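Report on one structure; see the data block that follows.
Please treat every number below as a calculation from the coordinates, not as lab data. Every value quoted in this text rests on a predicted model; they were computed, and no experiment measured them. Note that each Cβ is placed from the backbone with ideal geometry, even for glycine, and that neighbours are counted across all protein chains shown.
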Amino acid sequence: MIKEKIRTIPNWPKEGIMFRDITTLLKDPQGLKEASTQLIEHCKKLDFDLVAGIESRGFILGSIIAYELNKGFIPIRKKGKLPFRTIKESYKLEYGTDEIEIHEDAIQENQKILLIDDLIATGGTAIAAVNLIQKAKGIVNNCCFVIDLPELKGTKKLKELGLDVFSLVEFEGE
């Protein structure tokens, strides 16, 4: 049911890409409830102190999980969006680099962090988020996503870092 509620937009943001859009899943009350319930059921078995969600769709799902499991939530934001002192991590994009940030006091040393986002593709943003959390002296053991694009090998890269990775659905191709 979840996979059918995710819209595919061909050739966006560029030719040859099949963009997997979860806004159609999120706007559907049953789709949102089912995706949230499945993520919560998986995450309640995990050992973690805080949920970190990657901007912006990771905020939605991460907040739901944090609320339901009585955990705090950390927003991982794009550069320049947080008002307090931050820790930054750069990562490569297809055409250049970008940065993500968290507040410098977001994580206490050795806190266990569950990382959440809507999609894992090449793993660039997720790996940057893991590095950022580690810079803040947190520990990431688990990452959860709605969608995995296995051909792009992001999950494989995260597993090579020793992380457990869970996704609700997979789509073949980009």
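Loop-located trypsin sites (Lys or Arg not before Pro) in the stretch 29-115 (DSSP state other than H, G, I, E, B) with a sparse environment of at most 15 neighbouring Cβ atoms within 10 Å: K44, K45, K79, K81, R85.
Could you give the length gained by full extension between S63 and K33, i.e. 0.36 nm per residue of separation minus their alpha carbon distance, to one decimal place? Provide the component values of the computation, followed by the final result.
Numbers: separation 30, 0.36 × 30 = 10.80 nm, distance 1.34 nm.
Gain on stretching S63 to K33: 9.5 nm.
For the stretch 65-98, GluC sites (Glu not before Pro) are listed when DSSP marks them as loop and at most 10 other Cβ atoms sit within 10 Å of their Cβ; the list is E94.
What the Cα atoms of the stretch 45-170 give is an Rg and a Dmax of 13.3, 39 Å. Taking 7 Å steps out from each Cα toward its Cβ at K81 and K14 produces label points 2.2 nm apart.
The GNM of the chain, with springs linking C-alpha atoms under 10 angstrom apart, assigns the highest mean-square fluctuation among L114, L46, L32 to L46.
Based solely on its DSSP helices, what 222 nm [θ] is calculated for the chain when runs of n ≥ 4 H residues each add -39,500 (n - 2.57) and the sum is averaged over all residues, nearest 500 deg cm²/dmol?
Working: 5 runs with 51 residues, N = 174.
Estimated from H runs of four or more residues: -8500 deg cm²/dmol.
If the chain between D98 and D47 were fully stretched, how many nm would it gain, using 0.36 nm times the residue separation less the Cα-Cα distance? Intermediate results must be reported in sequence, preceding the final value.
Values: separation 51, 0.36 × 51 = 18.36 nm, distance 3.05 nm.
So the chain would gain 15.3 nm between D98 and D47.
Using a 10 angstrom Cβ neighbour count of at most 12 plus a DSSP loop assignment to flag exposed chymotrypsin sites (Phe, Trp or Tyr not before Pro), which longest range of the chain is free of such sites?
On the way: sites that count: F84, Y95.
Formally, the longest exposed-site-free interval is 1-83.
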